[in-house]
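S.K.: Got a structure for you, questions after.
The values are calculated or read from the model by the stated rules, or taken from the named source; none is laboratory data. Not measured: the values here are computed from a predicted model. Please note: Cβ atoms are built from the backbone with ideal geometry, for glycine as well, and neighbour counts cover all protein chains shown.
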Amino acid sequence: MRAATIQVVTSVTVWVCALTFQAVAQSDAQSPEITFRTSSNLVLVDVVALNSKNELADTTLRRDDFQLLDNGGPVAIKTFDNPTGTRPLALWFVVQCNMAGWESRGSGLFRGQIHRFEPILKTRNSRDSVAVAHWCDNGDSRLDLLPTSNAEEATATLERVLTPVLSDNLQDRAGELALEQTLQLIIDETRSLSPEPVPVLIFLYGDYSGMPKAEADHIVDELLATAVIAYGLKDSRSPGIWLIGEQAEVAHYVARETGGVYLKLARGNYATGLTQILRQLDSRYELGFQPEALDGKRHKLTVKLTDAAKKEHTGVRLRYRLAYVPTQR
């Protein structure tokens with residue numbers, strides 16, 4: 001997808017037990033709206049504890065260390081899981097077809113380097129899975145590998161997808177629609193699984209792209225509707241893009257709005273970036289609570305440490321998603 005527009009048709013309903021982990025730099029940061037749908041009406045809130053350098057600070061917090069507020073009013077924490085007990089992940093590696101003359105702007109620089117991820121993926125928890133998907137500017141859109149525990153198969157599939165080099169004389173609009181379709185296929189596959197894992201997108205993509213912000217928000221809404229968290233790895237040689245009147249670097253924007261981060265790395269540090277992403281995912285707490293009413297309205301969500309916990313864990317800052325909308329499935 002190049003610097004052009006995209007039209008997305010979305011629904012703004014969210015599945016539940018939706019992952020609510022979001023990288024929020026300050027307490028006044030903006031937060032996207034999420035709707036949780038569940039037969040049990042249990043809302044799960046994923047929280048990461050960070051120090052002042054945005055590094056993982058503490059994985060020893062206890063249930064009684066947290067306070068949870070819904071629209072400013074305290075609610076009881078019904079369930080609590082520390083980082084050893086959180087839900088499994090489905091890691092979706094998403095790439096753009098390798099195009100001649102577009103290598104640094106798309107995913108071409110990752111060709112021949114996918115082997116760097118294999119040792120990390122081989123050490124994943126056996127409950128987690130890895131999958132591969134791609135889109136092309138010729139309109140091709142495909143799930144190349146459904147979630148599996150086979151790390152070697154995943155890296156081989158990624159390398160195979162990146163091996164062909166397409167002509168750069170392709171249509172931007174076809175590529176934009178293909179990206180939309182790829183993300184929808186991932187969403188549909190996630191919804192078909194039982195129990196649902198936490199779907200995590202990992203873009204390997206230079207992200208030289210742009211679109212109107214309202215249309216980028218449509219993409220985010222659809223991903224949030226399935227509790228997707230997006231991350232990205234970008235080669236440091238990839239150029240940036242600056243646009244007026246459009247949302248630049250769309251994949252970066254998707255990552256930021258869904259609670260992930262986009263890392264810029266030298267080729268030899270790709271594995272370091274993936275490790276950083278997985279450490280954050282592996283170090284989250286999950287707090288569950290019962291909303292008082294399924295009113296379909298936006299609720300402000302606040303997670304705090306108790307005064308006693310603040311004294312014991314000096315300098316710890318919490319990152320989490322700041323809004324949810326409770327509705328009955």
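S.K.: Go through the stretch 108-127 and give me each residue that's over 18 Å from T272 (Cα atoms) and among the hydroxyl-bearing types (S, T, Y).
M.R.: S126
S.K.: Suppose we filter A309, A271, A293, A266 for residues that are under 19 Å from the mean Cα position of the chain (by Cα) and of a type in the set (A, V, I, L, M); which single one remains?
M.R.: None of the others qualify; the one that does is A271.
S.K.: Out of all the residues in the stretch 85-98, which are surrounded by 15 or more Cβ atoms within 10 Å (Cβ to Cβ) and at pLDDT below 90?
M.R.: Within the stretch 85-98, the first condition is being surrounded by 15 or more Cβ atoms within 10 Å (Cβ to Cβ), and the residues that meet it are 86-98.
Across the stretch 85-98, the qualifying residues are T86, R87, P88.
S.K.: Could you run through the stretch 225-238 and say how many residues are more than 11 Å from G273 (Cα to Cα) and modelled with pLDDT under 95?
M.R.: Within the stretch 225-238, residues that are more than 11 Å from G273 (Cα to Cα) and modelled with pLDDT under 95 number 6.
S.K.: Evaluate the following for G101: is it small (G, A, S), under 26 Å from A266 (Cα atoms) and modelled with pLDDT under 95?
M.R.: yes
S.K.: Okay, next question. Of the residues N82, N71, which single one is surrounded by fewer than 18 Cβ atoms within 10 Å (Cβ to Cβ) and within 14 Å of V48 (Cα to Cα)? Steps first, answer last, please.
M.R.: Details: N71 fails: within 14 Å of V48 (Cα to Cα).
Being surrounded by fewer than 18 Cβ atoms within 10 Å (Cβ to Cβ) and within 14 Å of V48 (Cα to Cα) holds for just one of N82, N71, which is N82.
S.K.: Exactly one of (1) touching a His at 6+ places or on another chain (Cβ under 8 Å); (2) part of a helix (DSSP H, G or I) is unmet by R279. Its number?
M.R.: All conditions are met except number (1).
S.K.: Right, something else. Can you pull out the residues in the stretch 232-276 that are in contact with a helix residue (DSSP H, G or I) (Cβ under 8 Å, 6 or more places away or on another chain), within 13 Å of Y205 (Cβ to Cβ) and hydrophobic (A, V, I, L, M, F, W, C)?
M.R.: If the condition is that a residue be in contact with a helix residue (DSSP H, G or I) (Cβ under 8 Å, 6 or more places away or on another chain), within 13 Å of Y205 (Cβ to Cβ) and hydrophobic (A, V, I, L, M, F, W, C), then L233, V250, V254, L263, L265 are the ones that fit.
S.K.: Just need a number here: residues in the stretch 123-148 that are at pLDDT below 95 and over 16 Å from L183 (Cβ atoms).
M.R.: Adding up the residues that qualify gives 7.
S.K.: Okay, moving on. Suppose we keep only residues that are of a type in the set (G, A, S) and more than 22 Å from the chain's Cα centre (by Cα) within the stretch 101-130. Which one would you say is surrounded by the most Cβ atoms within 10 Å (Cβ to Cβ)?
M.R.: S104
S.K.: Please enumerate the residues belonging to the stretch 274-288 that are buried (at least 21 other Cβ atoms within 10 Å of the Cβ) and farther than 18 Å from T258 by Cβ.
M.R.: Y285, L287
S.K.: Right, Y208: of a type in the set (S, T, Y), surrounded by fewer than 23 Cβ atoms within 10 Å (Cβ to Cβ) and touching a residue at least 40 places away in the same chain (Cβ under 8 Å) or not?
M.R.: yes
S.K.: Considering each of T258, T302 in turn, give the residue that is within 23 Å of D221 (Cα to Cα), surrounded by 22 or more Cβ atoms within 10 Å (Cβ to Cβ) and touching a residue at least 40 places away in the same chain (Cβ under 8 Å). First the steps, then the outcome.
M.R.: On the way: T302 fails: surrounded by 22 or more Cβ atoms within 10 Å (Cβ to Cβ).
Residue meeting the stated conditions: T258.
S.K.: Across the stretch 182-212, what is the number of residues that are closer than 28 Å to L109 by Cβ, of a type in the set (S, T, N, Q) and part of a loop (DSSP other than H, G, I, E, B)?
M.R.: Summing the residues that are closer than 28 Å to L109 by Cβ, of a type in the set (S, T, N, Q) and part of a loop (DSSP other than H, G, I, E, B) in the stretch 182-212 gives 1.
S.K.: Give me a count of the residues in the stretch 185-220 that are modelled with pLDDT under 90, of a type in the set (A, V, I, L, M, F, W, C) and touching a strand residue (DSSP E or B) at 6+ places or on another chain (Cβ under 7 Å).
M.R.: Count: 3.
S.K.: For a quick check of your reading: which strands (runs of 3 or more DSSP E) sit entirely within the stretch 86-172 and have at least 3 residues that are free of Cβ contacts under 8 Å to residues at least 40 places away in the same chain and in contact with a strand residue (DSSP E or B) (Cβ under 9 Å, 6 or more places away or on another chain)? Steps first, please.
M.R.: Details: elements: 89-96, 129-135, 141-148.
Qualifying strands (runs of 3 or more DSSP E): 141-148.
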